[in-house]
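First comes the structure, then the notes that go with it.
The values are calculated or read from the model by the stated rules, or taken from the named source; none is laboratory data. Computed from a prediction, not measured in an experiment: that's the story for all the values here. Here the Cβ positions follow ideal geometry from the backbone for every residue, glycine too, while neighbour counts run over all protein chains shown. Each accessible area value is taken on the protein alone, full model and side chains, heavy atoms only, with ligands, DNA and RNA left out. Shrake-Rupley method; radii C 1.70, N 1.55, O 1.52, S 1.80 Å.
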Amino acid sequence: MRKIKFYRSETGNCPVEKYFDSLTNKQVEKIAFVLDIIEQLDIVPRKFFKKLQGTIDIWEVRAQQGNNIFRILGFFDGKDLVILNHAFTKKSLKTPRRDIKTAQDRKKEYFNRRI
């Protein structure tokens, strides 16, 4: 069974929680539903969770509520721990490179702090 945690910067800032604060309760409930699926199911449908091609192990949580498409990026720390470190509302077909770079930079910083 997977466990999901939110990344915190060295100063304690949590970008994913900050993003959730900008959403409506209904939107956060939909994302929480998807996060629960990811934690509970051994095989998660790709429509909810998939590895982003062309990245070094950056994964994308995918949720939609009405016309709003939400993406939360993160990575695995070990086999079953998912660290979510960047979130945004998707407005284009492709995931923007700057959002992927932000997730990759936070992943690098996360593992550098653990050394």
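Worth a mention:
- For the chain, the fraction of alpha-carbon pairs in successive 5 Å shells from zero, as %: 2, 11, 24, 26, 21, 12, 3, 0, 0
- Per-residue HN-Hα couplings for the stretch 69-79 [Karplus 6.51, -1.76, 1.60; θ = phi - 60°; Hz; x = Gly/Pro]: 10, 10, 10, 10, 9, x, 7, 8, 10, x, 7
- Rounded percent of accessible protein surface that carbon and sulfur make up, the chain, 1.4 Å probe: 51
- Relative contact order (percent, whole number), the stretch 71-110, Cα cutoff 8 Å, 6+ residue spacing: 39
- Beta bridges by DSSP in the chain, antiparallel share as percent, to the nearest 5: 85
- Per-residue ellipticity at 222 nm, computed for the chain from helices alone with -39500 (n - 2.57) per DSSP H run of at least four residues, works out to -11500 deg cm²/dmol.
- Accessible surface, the chain, averaged per residue in Å² (probe 1.4 Å): 63
- With DNA, RNA and ligands ignored, accessible area of ARG8 (1.4 Å probe; Å², nearest 10): 110
- Under 23 Å from the Cα of LYS30 - lysines, other chains or at least 8 residues apart: LYS3, LYS5, LYS18, LYS47, LYS50, LYS51, LYS90, LYS91, LYS94
- Spin-label zone in the stretch 87-102 - amide nitrogen under 12 Å from a point set 7 Å from the Cα of ASN68 along the C-beta vector: 88-90
- Note that the stretch 105-112 has calculated 3J(HN,Hα) couplings of 5, 5, 4, 4, 5, 4, 6, 5 Hz, one per residue in order, obtained from phi through the Karplus relation 6.51 cos²θ - 1.76 cosθ + 1.60 (θ = phi - 60°); glycine and proline are x.
- Cut-off under 5 Å, modelled amide H: who pairs with LEU52 long-range: ILE58, TRP59, GLU60
- Computed extension length for ILE37-PHE76: 12.4 nm, one decimal, from 0.36 nm per residue of separation with the Cα-Cα distance subtracted.
- Cut-off under 5 Å, modelled amide H: who pairs with ILE69 long-range: LYS90
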